[in-house]
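Worksheet: one structure, shown below.
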Amino acid sequence: MTTTYSFEIYNSASLLPQEWNSLTSNNIFLTREYLTVLENSCPVNMICHFIGIFEEKKLVGIAITQFLFAEKLESFGDRDQCLKTSVRNFAFKNFASHVLFVGNNMLTGQNAFAFDEDIKQAKAITTLHKAINQLKKELKAKGKKVHITSIKDFTETEIKPLQAEFKNNYTFSTQPNMIFEINENWKTEQDYIDALSKKYRDQYKRARKKAEGIIKQKMSLNDILKYEDIIYDLYFHVAKNAPFNTFFLARNHFSFFKEIMKDDFLLYGYFLDGKLIGFNTLIKNGAIMDTYFLGYDESIQRDKMLYLNMLYDMIAYSINKGFREIVFARTALEIKSSVGAKPLKMYGLITHSNTLINHNIARFFNYLEPKTDWQERNPFK
């Protein structure tokens, strides 16, 4: 008997089938709770959809998509004011302002889908493909034509079955995901410090000395609500100065996240003379700690080496709490490398609705995804 799969597209997390979370045991970012956060406090220029794959009546696969429409963005990142940037912004507006991501553009890693362990993978991916095409039709009927479709953030092994199905797609590789493996013999932050070579132990000591006077505080929901505007301004300052940005978070994002996800979402505030000068966020994902958005006052950041201190704090917390690894994601590669994170190459697939552009998508993609040169470090003995 041949197995047939069908799909259902959901416009809201509140409509997801009861058994949705039965497929999310390995990934908090696909759970109904997280998807509720995403839907209710997502960037202004993003619409989320959720896909269920069924074998008869049984839910055997789940997926998430994000439709980004850039016309609501005032800026794609202000840092590089030059001709190439204006050409890129023109190209982006006219040929790439409607992007359908299969996966989560706000995270790094395979957060696109999860399948039941007995599923026939190739067939499930074909069904997912059909669902994506159906979603594109529905968006077009509402006057939102998808320019670019991208399935993102897979390792070299994970991308192979997708390449087999999405044949006319271009396989791209973006900046790597920075992963910090926690040595199983480390029980305290001191174990980590002892493992560093002299040069990087000195860097650690210098950073810690610079941060004297800064008070770090774990923030409750009430604290987050109280400081919401300052937290947002600190976040926005960092996001706006990134070389390239396709979205900005909603103002209530962090408080809503805390309200729904409780202790799985941590926000730490950094205070100097009673004033909030920076914050970072962490998400507990099983044995993995995911770092999330952060923000800081640039004038203090430099002087106090605040960003580097935040990285050390995240490492210390994750070691103390027995996590296995930290996902540091894909910005500031060199500084993350200097604390011990290692690059993991990530791949995605991309296709354009315009045949001519799709034919030259490799060149087009290099315009949209600025390359960064950086030097890998090894801080350990």
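The values are calculated or read from the model by the stated rules, or taken from the named source; none is laboratory data. These numbers were taken from a predicted model, which means no experiment stands behind them. So basically every Cβ, Gly included, is an ideal-geometry build from the backbone, and we count neighbours across all protein chains shown. Only protein heavy atoms, including side chains, enter the accessible area calculation; ligands, DNA and RNA are left aside. Shrake-Rupley method; radii C 1.70, N 1.55, O 1.52, S 1.80 Å.
For segment 237-247, indicate whether the set of residues that are hydroxyl-bearing (Ser, Thr, Tyr), modelled with pLDDT under 95, in contact with a helix residue (DSSP H, G or I) (Cβ under 7 Å, 6 or more places away or on another chain) and within 25 Å of residue 374 (Cα to Cα) is non-empty. Give the derivation first.
Here is the first cut: in segment 237-247, the residues hydroxyl-bearing (Ser, Thr, Tyr) are 246.
Pick out the ones that are also modelled with pLDDT under 95 and you get 246.
Within this subset, residues satisfying the condition of being in contact with a helix residue (DSSP H, G or I) (Cβ under 7 Å, 6 or more places away or on another chain) are 246.
Retained after the next criterion (residues that are within 25 Å of residue 374 (Cα to Cα)): 246.
Yes: one or more hits.
Search segment 188-206 for residues being assigned to a helix (DSSP H, G or I) and closer than 16 Å to residue 317 by Cβ, and hand back the single one that is least open to solvent (accessible area, probe 1.4 Å). Write out each step before concluding.
The initial filter retains those residues of segment 188-206 that are assigned to a helix (DSSP H, G or I), namely 189-195, 198-206.
Filter again for closer than 16 Å to residue 317 by Cβ, leaving 189-193, 204.
Details: 189: 45, 190: 98, 191: 49, 192: 3, 193: 19, 204: 25 Å².
My answer is 192.
Inside segment 328-381, counting only helices (runs of 4 or more DSSP H) that do not spill past its ends, which hold 1 or more residues that are hydroxyl-bearing (Ser, Thr, Tyr) and within 22 Å of residue 132 (Cα to Cα)?
Values: elements: 333-338, 355-359, 361-368.
Where helices (runs of 4 or more DSSP H) fall fully within segment 328-381 and carry at least 1 residues being hydroxyl-bearing (Ser, Thr, Tyr) and within 22 Å of residue 132 (Cα to Cα), they are 355-359.
Hey, could you check segment 303-339 for residues that are on the phi > 0 side of the Ramachandran plot and within 20 Å of the chain's Cα centre (by Cα) and say which is most open to solvent (accessible area, probe 1.4 Å)? Please lay out each step first, then the result.
First pass over segment 303-339, keeping only residues on the phi > 0 side of the Ramachandran plot: 305, 322, 329, 332.
Of the ones still in play, those that are also within 20 Å of the chain's Cα centre (by Cα) are 329, 332.
Working: 329: 22, 332: 48 Å².
Once the filter is applied, the top-ranked residue is 332.
For (1) in contact (Cβ under 8 Å) with a residue 60 or more places away in the chain; (2) crowded, with 19+ Cβ neighbours inside 10 Å; (3) more than 21 Å from residue 39 (Cβ to Cβ), each residue gets a yes or a no:
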{"position": "219", "(1), (2), (3)": "yes, yes, yes"}
{"position": "223", "(1), (2), (3)": "no, no, yes"}
{"position": "252", "(1), (2), (3)": "yes, no, no"}
{"position": "259", "(1), (2), (3)": "no, no, no"}
{"position": "269", "(1), (2), (3)": "no, yes, yes"}
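Could you tell me which numbered condition residue 281 fails, if it satisfies all but one of (1) in contact with a helix residue (DSSP H, G or I) (Cβ under 9 Å, 6 or more places away or on another chain); (2) closer than 30 Å to residue 146 by Cα; (3) β-branched (Val, Ile, Thr)?
Unmet condition: (2).
Please find, among 158, 165, 138, the residue that is surrounded by fewer than 19 Cβ atoms within 10 Å (Cβ to Cβ), closer than 22 Å to residue 28 by Cα and not polar (S, T, N, Q).
On the way: 165 fails: closer than 22 Å to residue 28 by Cα; 138 fails: closer than 22 Å to residue 28 by Cα.
Only one candidate passes the filter, namely 158.
Among 122, 114, 131, which is small (Gly, Ala, Ser), part of a strand (DSSP E or B) and on the phi < 0 side of the Ramachandran plot?
Being small (Gly, Ala, Ser), part of a strand (DSSP E or B) and on the phi < 0 side of the Ramachandran plot holds for just one of 122, 114, 131, which is 114.
Output the residues belonging to segment 346-365 that are loosely packed, with under 12 Cβ neighbours inside 10 Å and either under 22 Å from residue 157 (Cβ atoms) or not aliphatic (A, V, I, L, M) (or both). Don't jump to the end; show me each part of the working.
So the first thing to find is which residues in segment 346-365 are loosely packed, with under 12 Cβ neighbours inside 10 Å, and the list is 355-356, 362-363.
The answer is 355, 363.
Can you tell me which of 230, 215 is open to solvent by 30 Å² or more (accessible area, probe 1.4 Å), outside the structural domain of residue 35 (by the TED database) and assigned to a strand (DSSP E or B)?
On the way: 230 fails: assigned to a strand (DSSP E or B).
Residue meeting the stated conditions: 215.
Across segment 47-74, what is the total count of residues that are touching a residue at least 60 places away in the same chain (Cβ under 8 Å), touching a Leu at 6+ places or on another chain (Cβ under 7 Å) and surrounded by fewer than 21 Cβ atoms within 10 Å (Cβ to Cβ)?
Going through segment 47-74 one residue at a time, the tally reaches 1.
Which ones in segment 18-38 are within 15 Å of residue 60 (Cβ to Cβ) and either in contact with a helix residue (DSSP H, G or I) (Cβ under 7 Å, 6 or more places away or on another chain) or in a helix (DSSP H, G or I) (or both)?
Correct list: 20, 21, 22, 23, 24, 30.
Of all residues being modelled with pLDDT of 95 or more and of a type in the set (Val, Ile, Thr) in segment 97-125, which is surrounded by the most Cβ atoms within 10 Å (Cβ to Cβ)? Just the residue, please.
102
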